[in-house]
Amino acid sequence: MTPMSHDKILILDFGSQVTQLIARRVREAHVYCEVHPCDVSSEWVRQYAADGRLKGIILSGSHASVYEVDDRAPDAVFELGVPVLGICYGMQTMAQQLGGKVEGSPHREFGYAEVRARGHTALLKDIADFHTPEGHGMLKVWMSHGDKVTEMPPGFKLMASTDSCPIAGMADEARRFYGVQFHPEVTHTVQGRAMLERFVLEVCGAKPDWIMRDHIKEAVAAIRAQVGDEEVLLGLSGGVDSSVAAALIHRAIGDQLTCVFVDHGLLRLHEGDMVMDMFAGKLHARVIRVDASDLFLRELAGVTDPEQKRKIIGRLFVDVFKAEAEKLKAARPGSKGIQWLAQGTIYPDVIESGGAKSKKAVTIKSHHNVGGLPEQLGLKLLEPLRDLFKDEVRELGVALGLPHDMVYRHPFPGPGLGVRILGEVKKEYADLLRRADAIFIEELRSTIEPNSGKSWYDLTSQAFAVFLPVKSVGVMGDGRTYDYVVALRAVQTSDFMTADWAELPYGLLKRVSSRIINEVRGINRVTYDVSSKPPATIEWE
Ligand code: XMP
């Protein structure tokens, strides 16, 4: 469902960790862009440009040196007549491919640097963080490189420099080719956003018409065209992606959409009712709630190994969903029946699976995975959020009328409380944990951090309670208690790959602890998890 009417920017990924950030910055400038692997052919690039909508190309950085890998930009990149911006490795390969020189260096320059802007280029004109007494414009940037360009290709002039990296930026303004050794896509480069905005809006002249509010109309039309009068099935989890996908598809095709919400009994307090209230109650969507909690708890009885628990939950989830899908397919013989399975796949999932060949992830925990379901069910796949980043999905959700609190919710793992109850999962434990967790979240939402004016819920990326199946001694009134322990976990992270434990105010922790111990009979001790990731993970299992 590639949007058909927008100008577009092509980002070629050479395998940098931060390529996605380039795309996000471009999208934030309201310009549509796509990330593709750097090894696409020239033929592919020409084809991609053939509709006349390609306004510019950005070459990303890489984790490697130009001497370690032979990744080059397809020649067509420099032959189409569109502006090109090379970032870090992207600038080096541009230099090398166009006749300049790159030299390896044993010293890696990593981190903050101050760069002098030179040559009055269209890219950097009037963009500076400060001026030296001599009047030179200076940029505060983030660098991460070993190799550097030592000779510019013919036609290029110097655009930026530092003492250790004399050619930190270069430009051929006639051809509108620019290269920067630093990373404008990361927020540490203070004017990075302004530079990328300048590149896509002014140098490339792309129209800033990628706006979520307007995207609804386009997405709705695309869904209608794709689905026609056939019916769609969607697994609703209550998470952001499936909720926004459901709301969007429902807007497009109304009752042709049936949502199946599998309640595995490991959801948060009142979560099932809230999902039903929102989708069935307010949006009037067809939602089938399958209460499978007995089945899940039965199958989990006696199982303590985290991986095994995950696998059981994943398998049962698929079984229950498939059984429901088969029932629905059979139930309405008169209609064309369900032909589509909708999924809330978002753009980072698409990039990760298709692109960056360099990323070799090690499986630390096997994640909930419903891949392969469409084939097994004999259904076609509908993925209306495939082009969108998470922030865009959220914006779209709000524009579709979903409540802010639902759309800006912390992520919740597929196996739910199953991985937040250590060891064996029991209903009694899940009930205690749900109540403790709800108190924690309620207090995070209602406690405002004065400097930012934001709630601690919004200031943390993920926060929850974990149930520890051990008992400790306590005292309540005149009596001795011997009850369970919960741990509170709150982290701050931008990518969930690494995370810091959140420095929550003591007053907040105190309130949460005293409320849990007083209100949740069965828990007499609350601890706070002060481990960062790595080496700990965010979830305890
Ligand atoms: P960890 O615990 O690996 O978590 O640091 C990183 C992020 O992934 C989420 N997570 C899961 N999500 N199924 C999911 O859908 C899972 O099995 C799973 N395990 C962890 C976790 O909540 C955090 O956001």
Taking a probe of 1.4 angstrom, what is the accessible area of PHE317 in Å², to the nearest 10?
40 Å²
Starting with the highest mean, order 16-23, 83-90 by the number of other Cβ atoms within 10 Å, averaged over the residues of each peptide.
83-90, 16-23
For a test of the definition: using alpha carbon positions, the gyration tensor, and the 1.5 limit on a/c, classify the stretch 147-227 as rounded, prolate or oblate.
prolate
Average Cα contact separation per residue, the chain, under 8 Å, 6 or more apart, as relative contact order %:
11 percent
For the pair LYS217/GLU428, report the inter-label distance in nm, with labels modelled 7 Å from Cα in the Cβ direction.
6.0 nm
Can you give me the long-range amide H partners of PHE177? Hydrogens built in the peptide plane at 1.01 Å from N, cutoff under 5 Å, separation of 5 or more residues or another chain.
VAL84, ASP172
Per-peptide average of other Cβ atoms within 10 Å, ordering 249-260, 176-187, 473-484, 526-537 highest first:
176-187, 249-260, 526-537, 473-484
With DNA, RNA and ligands ignored, accessible area of ARG511 (1.4 Å probe; Å², nearest 10)
100 Å²
Mind listing the long-range amide H neighbours of ILE421? Cut-off is under 5 Å, sequence gap 5 or more, other chains count too, H placed in the peptide plane at 1.01 Å from N.
PHE467
Could you work out [θ]222 nm for the chain from helices alone, using -39500 (n - 2.57) per DSSP H run of at least four and dividing by all its residues? Round to the nearest 500 deg cm²/dmol.
-9500 deg cm²/dmol
Leaving out ligands and nucleic acids, note down the accessible area per residue over the chain with a 1.4 angstrom probe, in whole Å².
44 Å²
Could you grab the Rg to Rh ratio for the chain? Cα atoms only, Kirkwood for Rh.
1.02
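Find how much the distance from LEU381 to TYR408 grows on full extension, using 0.36 nm per residue of separation minus their present alpha carbon separation; answer in nm with one decimal.
Result for the pair: 7.1 nm of gain on full extension.
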What are the residues whose amide H is under 5 Å from the amide H of GLY238, where those residues sit 5 or more places off or on another chain and H is modelled from the backbone?
SER243
I'd like the carbon and sulfur percentage of the solvent accessible area for the stretch 8-202, probe radius 1.4 Å, heavy atoms only, ligands and nucleic acids excluded.
49 percent
Can you compute 3J(HN,Hα) from phi for each residue in the stretch 222-230, using the Karplus curve 6.51 cos²θ - 1.76 cosθ + 1.60 with θ = phi - 60°, rounded to whole Hz and x for Gly and Pro?
5, 5, 4, 5, 6, 8, x, 9, 7
Which order do peptides 280-289, 197-206 fall in by mean Cβ count within 10 Å, highest first?
197-206, 280-289
For the stretch 212-408, give the percent of accessible area contributed by carbon and sulfur heavy atoms, probe 1.4 Å, rounded to a whole number.
53 percent
Specify whether the C-alpha gyration tensor of the stretch 1-82 places it in the rounded, prolate or oblate class, a ≥ b ≥ c being the square roots of the eigenvalues: rounded for a/c under 1.5, otherwise prolate if a/b is larger than b/c and oblate if not.
oblate
How tilted is helix 390-399 with respect to the longest principal axis of the chain? Cα atoms for both, answer in degrees (0 to 90, nearest 10).
70 degrees
Pop a pseudo-label 7 angstrom from the Cα along the beta-carbon direction at both VAL470 and VAL530 and give the gap in nm to one decimal.
1.8 nm
Hey, what do the phi angles of the stretch 200-209 turn into as Karplus ³J(HN,Hα) couplings, whole Hz, using 6.51/-1.76/1.60 and θ = phi - 60°, x for Gly and Pro?
6, 7, 9, 5, 7, x, 6, 7, x, 10
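The values are calculated or read from the model by the stated rules, or taken from the named source; none is laboratory data. Keep in mind it's a predicted model, so treat the numbers as computed, not measured. For neighbour counting, all protein chains shown are included, and Cβ atoms are generated from backbone atoms with ideal geometry for every residue, glycine included. Surface accessibility is based on the protein's heavy atoms, side chains included, excluding ligands, DNA and RNA. Shrake-Rupley method; radii C 1.70, N 1.55, O 1.52, S 1.80 Å.
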